[in-house]
Amino acid sequence: MSGIEEIKNQELLWFYEAKGERKGGVSEAAIAELIRNGTISYGTSVWKKGFPDWMKVENTELKAHLDDSAPPPLTGENVNNSIVWFLSFAPAIGLFLEGFVAGIVYGDNQYRVEESISNAEFWYITLILNISLSIFDNKRLKAAGHNTDKFKGWVWLVPVYLFQRAKALKHNYAYFAVWIVCFLVSLSV
C-alpha cells in the first residue's frame, strides 16, 4: 500500500466511545455493523478526522445506519418522570418509613421510637428505597430507548445518578436538588 493510500484510509477511520473508553479506528462498514448489533446507538459519541470534537452518532452521516436499526429514544419531555420525582423525595419518605417500622417494633414506647429514629437504627430502609427506585427508574429509561450504560452503575450513589440522568435527558437539575434538600433535612432530624 502506498503512503498516500495509507493516509487516505486513516482519514476514513471512525472512533467511538464505549463505557467511557475510546475504541477504534474502524472502517465505516465496521462501524455500521456495530450500529446494527447495538454496540453503538443513539447518544454514542463518535469521531473521525476532520471533526472538531466528538459528536453524537445521530449528528453525523452515520445517522442513516441508525435509521435502519431502531427508532430514536423518547425525548426528555416524553419520558415518564413519576418514579424519578418519587426518588427525589426518597430521603424524606425513607425517614417516615423508618419511623413507621420503629413504631411497629417498639409499639407504645414513644421514647424508644424517637431514639431509634435519631440513632438511625433502621437506616437501611431509606437506603433500600433509594437504590430500588433508582434501579426501577433506570429500567424505565432503557425501555424508553435511552442508553443508560454511562450512568447505570451510579444507581448505588443516588445523587450522582440523578445528576447524570438530568444531564443525559437534558432536564434541569430540579429532582437532583430536591433529593439533596430532602437528604440534608433528614440528617437534621
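A compact table of results
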quantity: Within the stretch 53-69, tally of residues that are at pLDDT 70 or above, polar (S, T, N, Q) and in a helix (DSSP H, G or I); calculated: 1
quantity: From the options Leu87, Leu13, residue that is more than 26 Å from Ser132 (Cβ to Cβ), modelled with pLDDT of 90 or more and not β-branched (Val, Ile, Thr); calculated: Leu13
quantity: Scope the stretch 123-145; condition within 9 Å of the chain's Cα centre (by Cα) and open to solvent by 10 Å² or more (accessible area, probe 1.4 Å); matching residues; calculated: Asn138
quantity: Extreme residue, surrounded by the fewest Cβ atoms within 10 Å (Cβ to Cβ), among residues of the stretch 100-122 that are closer than 17 Å to Leu184 by Cα and free of Cβ contacts under 8 Å to residues at least 40 places away in the same chain; calculated: Asn119
quantity: Candidate set from the stretch 40-52 (those that are out of contact with any Lys or Arg (no Cβ under 9 Å at 6 or more places or on another chain) and over 13 Å from Arg22 (Cα atoms)); member that is modelled with the lowest pLDDT; calculated: Ser41
quantity: Breaking point among (1) modelled with pLDDT under 90; (2) of a type outside the set (Ser, Thr, Tyr); (3) in contact with a Leu (Cβ under 7 Å, 6 or more places away or on another chain), for Gly153; calculated: (3)
quantity: Answer residue from the stretch 39-52, given it is open to solvent by 50 Å² or more (accessible area, probe 1.4 Å) and within 23 Å of the chain's Cα centre (by Cα) and is nearest to Arg165 (Cα to Cα) among those; calculated: Thr39
quantity: Qualifying residue in the stretch 28-40 (condition: touching a residue at least 40 places away in the same chain (Cβ under 8 Å), assigned to a loop (DSSP other than H, G, I, E, B) and either of a type in the set (S, T, N, Q) or farther than 23 Å from Lys142 by Cα (or both)); calculated: no
quantity: Filtered residues of the stretch 70-84 (kept if modelled with pLDDT of 70 or more and either of a type in the set (D, E, K, R) or open to solvent by less than 30 Å² (accessible area, probe 1.4 Å) (or both)); calculated: Ile83, Val84
quantity: Matching residues in the stretch 54-69 - criterion: being open to solvent by 90 Å² or more (accessible area, probe 1.4 Å) and touching a Ser or Thr at 6+ places or on another chain (Cβ under 9 Å); calculated: Trp54
quantity: Asn172 vs. criteria open to solvent by 60 Å² or more (accessible area, probe 1.4 Å) and farther than 29 Å from Ala18 by Cβ; calculated: no
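The values are calculated or read from the model by the stated rules, or taken from the named source; none is laboratory data. Since we're looking at a predicted model, the values are computed, not measured. Note that each Cβ is placed from the backbone with ideal geometry, even for glycine, and that neighbours are counted across all protein chains shown. When the accessible area is computed, the model is the full protein with side chains, heavy atoms only, and any ligands, DNA or RNA have been set aside. Shrake-Rupley method; radii C 1.70, N 1.55, O 1.52, S 1.80 Å.
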